[in-house]
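Structure first, commentary second.
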Amino acid sequence: QFVQCLANPLYLNYLAQSQYFENPAFIAYLEYLEYFRQPEYTKLLTYPSYSLNALSLLKQPAFRNDIMNPHTAKIMVDD
């Protein structure tokens, strides 16, 4: 369920503003979630493309910084 929530840019903004992305343990957890790329887990996701793309983006410190801006999240929602 958490991986599916990553498809929502507003939720990503919430996580960034709540400073979850400053926590090394949380970043390690995001890395752990990479197993969702395996077909047996991907099929469990409602929006696999959006969720897994967000998971990839969250590996990049620049994106984690950018998503803190509500305007960035809104642009992603609009796109």
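The values are calculated or read from the model by the stated rules, or taken from the named source; none is laboratory data. Just so we're clear, the structure is a prediction, and the values are computed from it rather than from any experiment. Cβ sites come from the backbone with ideal geometry, for glycine too, and all protein chains shown count toward neighbours. With ligands, DNA and RNA removed, areas are computed over all heavy atoms of the protein, side chains included. Shrake-Rupley method; radii C 1.70, N 1.55, O 1.52, S 1.80 Å.
Can you say whether residue 63 is at pLDDT 95 or above, in contact with a Phe, Trp or Tyr (Cβ under 6 Å, 6 or more places away or on another chain), of a type in the set (A, V, I, L, M, F, W, C) and open to solvent by less than 60 Å² (accessible area, probe 1.4 Å), as far as the supplied structure shows? Full working, then the answer.
On the way: at pLDDT 95 or above: yes; in contact with a Phe, Trp or Tyr (Cβ under 6 Å, 6 or more places away or on another chain): no; of a type in the set (A, V, I, L, M, F, W, C): yes; open to solvent by less than 60 Å² (accessible area, probe 1.4 Å): yes.
Answer is no for this residue.
Being among the hydroxyl-bearing types (Ser, Thr, Tyr) and under 12 Å from residue 2 (Cα atoms) is the filter here; which residues of the stretch 48-57 pass it?
Here is the first cut: in the stretch 48-57, the residues among the hydroxyl-bearing types (Ser, Thr, Tyr) are 49-51, 56.
Within the stretch 48-57, 51 is the sole residue that qualifies.
Filter the stretch 1-14 for residues that are more than 13 Å from residue 70 (Cα to Cα) and outside any helix (DSSP H, G or I) and give the result.
1, 6, 7
Could you please find all residues in the stretch 15-72 being of a type in the set (D, E, K, R) and assigned to a loop (DSSP other than H, G, I, E, B)?
Filtering the stretch 15-72 for residues of a type in the set (D, E, K, R) gives 22, 31, 34, 37, 40, 43, 59, 64, 66.
Once the filter is applied, which keeps residues that are of a type in the set (D, E, K, R) and assigned to a loop (DSSP other than H, G, I, E, B), the stretch 15-72 yields 43, 59.
Only one residue in 14, 50 is at pLDDT 95 or above and either surrounded by 16 or more Cβ atoms within 10 Å (Cβ to Cβ) or touching a Phe, Trp or Tyr at 6+ places or on another chain (Cβ under 9 Å) (or both). Which one? Before you say what the answer is, go through the steps one by one.
Details: 50 fails: at pLDDT 95 or above.
From the options 14, 50, the qualifying one is 14.
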